[in-house]
Amino acid sequence: MKKLFVNMRYLIVPAMSVITILGLLSGGNYVWTGVILFGLCAVIDTATKNIHLRADFDENGNSYGIKFFQYGVMYLMLVVFIALQLALAWKIYQYVNVTPFNVVNAYGLTIQNGITTTNLIGAVISAGLWAGIGIIYGHELSHNKKEGFFISRLIMSLSGASHFTYAHVYQHHLDLAHEDDPATAPRGRNVYMHTWLSHAGQGKFSFELEKSRLKRQGKSFLSLDNRWILGYLYSLPSIILFVWAGGLFVGLLALLTLWLIANFELEALNYMGHYGLIREKGKPVEYRHSWDNDSVFTDWFFIAIGRQADHHVRGETYFWELDDVKGPNYGIGYFSLFLITLIPPLFRSYMKKHLDNWDSKYATEEERKIAKQYGY
Amino acid sequence: MRQSTFLALLLVSLWTSLIAFALYSFDAHLHYRELTWAISIGLVLIITHMVNMTIYFKVRGNKPYSWNKYKKQFDSLKEFSERKI
Amino acid sequence: MFNIFKKKDLKFNVKLEPSNKEIVLKAGENLLTVALAQGIKWPHKCRVGSCGTCKCKVLEGEVKPEIDFGNVLSPEQIKQGFVLACKSSPKTDLKILIDLK
């Protein structure tokens, strides 16, 4: 029973993603389902912020997680996120075609054809919010063998961020909490600026990585051996779909909005995970170089991505085995913190006590010296 | 605004506008429902994006990622020395 | 194919050279994780297969790679049998060359 519960509790996102898709397909005001679900998650996350659970192991020290099942779900999520884009593209198609409003019944679903401008906006936001959550699977699979790594690239390519898979493993995990890591936000930077700089910085890393790799191999940068270029080509089907469905204005605008929301969520996770933390170059990554957000709903929803401290020290560990390692912890969930980050002065004010605590209790003398150099 | 930021924005805007004008000139906005056109437009757009990112990387270099710009400005040494660490 | 449903209770002996230390791993267990848990001071840093610090040479036996080693190790190193311990699990008993100093 415990084994079943431990494995099923990580199905919140798959279930809600499918409900969002059904909402899009149902049409009418149901297209806002994704937005409503997101809001509901924020409420649940805030209400359960004081509940923290440890990783579960049986009496023999074995994890309850079923690798085959969890990885099967992650691989299937690629299909779910593709379906999400297809559902949105269909509504865009109807909007551009000015499909008459009518109600049909198909496959047990009551479908409202046609869509208003307001509801199209709702549909795009709904899809964007849940497409952005795809990061949790893109992240987990980036730490995997060839097939999983490739699936990660494809999931991230649905948001135009295929470079993430390489940058996360080969840059972020090495340069964490240092200026060389664009995914680590220094103190004083707001989440909006960080979204662009982290996205561009990781893209630049991927660009430079390929440039030097192909030069070493005597190959041309402009070739299909270039994984930076390939990453963008993986995004081509999404672009073609939305251009075909909605044209160069509506279709492209919808896709860009979806990508903006999804990438904002991705970089907000990076932002919250390491904001303001400092590590001396060359020193090993330790628990104190990450912020944990592991209240129960955050932990189950984000498949333990909030256990950043343990993940960065034990990168080989499956997500269901990551634990509370008593590292720096915000004490609230990701949804709650995410809402705070949206108002930069509020976030800075909120972070002051956390950073003061980190400086005095976690930072080494060298790390405090680095903080001084930046005038903290 | 920094000179390199302005240059990057200018080049990106020029390149994107050029592509937009070219697509408009070829009536791409009227033919997008034909699959061949949709694929071609998609390819043009993704190449445009890759060129824009390359322009940004080359022109701005590592400058945007520096943490120096977040150095706090203190009114006095006293404020600096009294801040909590 | 249906082996994946079998309980993973196979055990593998891993002998480390030149230190002559031995560790035992179950099928699917991570080489570096178990070595560190058993007190072996195996050089490591990132534990995600991106720095190469944990690289070792497989003298005998076979490992199951959990990522593409080609992103960190050169083709020559891979040909010589080098693997990244943080992203390897045993497929057979192993004899591994690793400098533990």
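The values are calculated or read from the model by the stated rules, or taken from the named source; none is laboratory data. None of these values were measured; they are calculated from a predicted model. FYI the Cβ positions are ideal-geometry reconstructions off the backbone, even for glycines, and counts take in every protein chain you see.
Scan segment A:19-54 for residues that are surrounded by fewer than 20 Cβ atoms within 10 Å (Cβ to Cβ) and charged (D, E, K, R) and jot them down.
A:54
Pick out, from segment B:1-81, the helices (runs of 4 or more DSSP H) lying fully within it that include 3 or more residues that are modelled with pLDDT of 95 or more, exposed (fewer than 14 other Cβ atoms within 10 Å of the Cβ) and of a type outside the set (A, V, I, L, M, F, W, C).
B:3-25
Among the residues of segment A:328-349 satisfying the criterion of being free of Cβ contacts under 8 Å to residues at least 12 places away in the same chain and assigned to a helix (DSSP H, G or I), which is surrounded by the most Cβ atoms within 10 Å (Cβ to Cβ)?
Within segment A:328-349, the match that is surrounded by the most Cβ atoms within 10 Å (Cβ to Cβ) is A:340.
Give the residue that is farthest from the other protein chains (Cβ to nearest Cβ), with candidates limited to residues of segment A:182-196 that are surrounded by fewer than 19 Cβ atoms within 10 Å (Cβ to Cβ) and more than 17 Å from residue A:355 (Cα to Cα).
That would be A:192.
Which number in (1) within 14 Å of another protein chain (Cβ to nearest Cβ); (2) surrounded by fewer than 24 Cβ atoms within 10 Å (Cβ to Cβ); (3) assigned to a helix (DSSP H, G or I); (4) not acidic (Asp, Glu) marks the one condition that residue A:118 misses?
It fails just one condition, (1).
What is the number of the single condition among (1) within 13 Å of another protein chain (Cβ to nearest Cβ); (2) buried (at least 23 other Cβ atoms within 10 Å of the Cβ); (3) not charged (D, E, K, R) that residue A:221 does not meet?
Checking residue A:221 against (1) within 13 Å of another protein chain (Cβ to nearest Cβ); (2) buried (at least 23 other Cβ atoms within 10 Å of the Cβ); (3) not charged (D, E, K, R), the one that fails is (2).
Of all residues being over 28 Å from residue A:86 (Cα atoms) and not in a helix (DSSP H, G or I) in segment A:163-181, which is farthest from the other protein chains (Cβ to nearest Cβ)? Just the residue, please.
A:177
When the residues of segment C:66-96 are narrowed to those that are outside any loop (DSSP other than H, G, I, E, B) and surrounded by fewer than 17 Cβ atoms within 10 Å (Cβ to Cβ), which ends up modelled with the highest pLDDT?
C:95
Check A:30, A:10 and return the single one that is hydroxyl-bearing (Ser, Thr, Tyr), assigned to a helix (DSSP H, G or I), under 30 Å from residue A:105 (Cβ atoms) and at pLDDT 95 or above.
Only one candidate passes the filter, namely A:30.
Consider only pairs whose beta carbons are under 7 Å apart and that are at least six residues apart or on different chains; among these, list those whose first residue lies in segment A:208-223 and is in contact (Cβ under 8 Å) with a residue 24 or more places away in the chain and whose second residue is surrounded by 11 or more Cβ atoms within 10 Å (Cβ to Cβ) and hydroxyl-bearing (Ser, Thr, Tyr).
Listed by first residue and then by second, the contacts come to A:209/A:166; A:209/A:170.
Would segment A:63-82 turn up any residue that is of a type in the set (Gly, Ala, Ser), in contact with a helix residue (DSSP H, G or I) (Cβ under 8 Å, 6 or more places away or on another chain) and modelled with pLDDT under 95?
yes
Of the numbered conditions (1) of a type outside the set (Lys, Arg); (2) more than 9 Å from chain B (Cβ to nearest Cβ); (3) touching a residue at least 60 places away in the same chain (Cβ under 8 Å); (4) over 24 Å from residue B:62 (Cα atoms), residue A:247 fails exactly one; give the number of that condition.
The failed condition is (2).
Is there a residue in segment A:49-64 that is over 28 Å from residue A:331 (Cβ atoms), of a type in the set (Gly, Ala, Ser) and out of contact with any Asp or Glu (no Cβ under 7 Å at 6 or more places or on another chain)?
Yes: one or more hits.
Check residue C:28 against each of (1) under 12 Å from the mean Cα position of the chain (by Cα); (2) farther than 23 Å from residue A:65 by Cα and name the one condition it does not meet.
Result: residue C:28 fails condition (2) only.
Return the residues of segment A:166-181 that are touching an Asp or Glu at 6+ places or on another chain (Cβ under 9 Å) and either among the acidic types (Asp, Glu) or closer than 22 Å to residue A:230 by Cα (or both); say none if nothing qualifies.
Scanning segment A:166-181 gives A:166, A:171, A:172, A:175, A:181.
Pull up segment B:31-50, narrow it to residues that are more than 9 Å from chain A (Cβ to nearest Cβ) and out of contact with any helix residue (DSSP H, G or I) (no Cβ under 6 Å at 6 or more places or on another chain), then point me to the one that is farthest from residue A:90 (Cα to Cα).
Step by step, filter segment B:31-50, then rank; the result is B:44.
Restricting to segment A:350-369, name every residue that is outside any loop (DSSP other than H, G, I, E, B), facing chain B (nearest Cβ under 10 Å) and buried (at least 19 other Cβ atoms within 10 Å of the Cβ).
Listed by number, the list holds a single entry, A:355.
Every residue in segment C:19-40 that is assigned to a strand (DSSP E or B) and either within 12 Å of chain A (Cβ to nearest Cβ) or of a type in the set (Gly, Ala, Ser) (or both), please.
Matches in segment C:19-40: C:26 only.
In segment A:292-343, how many are on the phi > 0 side of the Ramachandran plot, among the small types (Gly, Ala, Ser) and under 18 Å from the mean Cα position of the chain (by Cα)?
Residues in segment A:292-343 being on the phi > 0 side of the Ramachandran plot, among the small types (Gly, Ala, Ser) and under 18 Å from the mean Cα position of the chain (by Cα): 1 in total.
Which of the residues spanning segment C:54-68 are closer than 20 Å to residue A:209 by Cβ and more than 10 Å from every other protein chain (Cβ to nearest Cβ)?
C:55
The conditions are (1) more than 12 Å from chain B (Cβ to nearest Cβ); (2) among the hydrophobic types (A, V, I, L, M, F, W, C); (3) over 12 Å from the mean Cα position of the chain (by Cα); (4) over 26 Å from residue B:39 (Cβ atoms), and residue A:254 fails exactly one of them. Which is it?
Condition (4) is where residue A:254 drops out.
Among the residues of segment A:166-174, is there at least one that is surrounded by 19 or more Cβ atoms within 10 Å (Cβ to Cβ), β-branched (Val, Ile, Thr) and closer than 19 Å to residue A:341 by Cβ?
no
Have a look at A:55, A:42, A:15 and point out the one that is small (Gly, Ala, Ser) and out of contact with any Phe, Trp or Tyr (no Cβ under 8 Å at 6 or more places or on another chain).
Result: A:15 is the single residue among A:55, A:42, A:15 that is small (Gly, Ala, Ser) and out of contact with any Phe, Trp or Tyr (no Cβ under 8 Å at 6 or more places or on another chain).
Give the residues of segment A:149-162 that are within 14 Å of chain C (Cβ to nearest Cβ) and in contact with a Ser or Thr (Cβ under 8 Å, 6 or more places away or on another chain), sorted by residue number.
Within segment A:149-162, A:149, A:152, A:153 qualify.
Of all residues in segment C:20-31, which are surrounded by 14 or more Cβ atoms within 10 Å (Cβ to Cβ), of a type outside the set (A, V, I, L, M) and either in contact (Cβ under 8 Å) with a residue 60 or more places away in the chain or in contact with a Cys (Cβ under 6 Å, 6 or more places away or on another chain) (or both)?
Across segment C:20-31, the qualifying residues are C:21, C:29.
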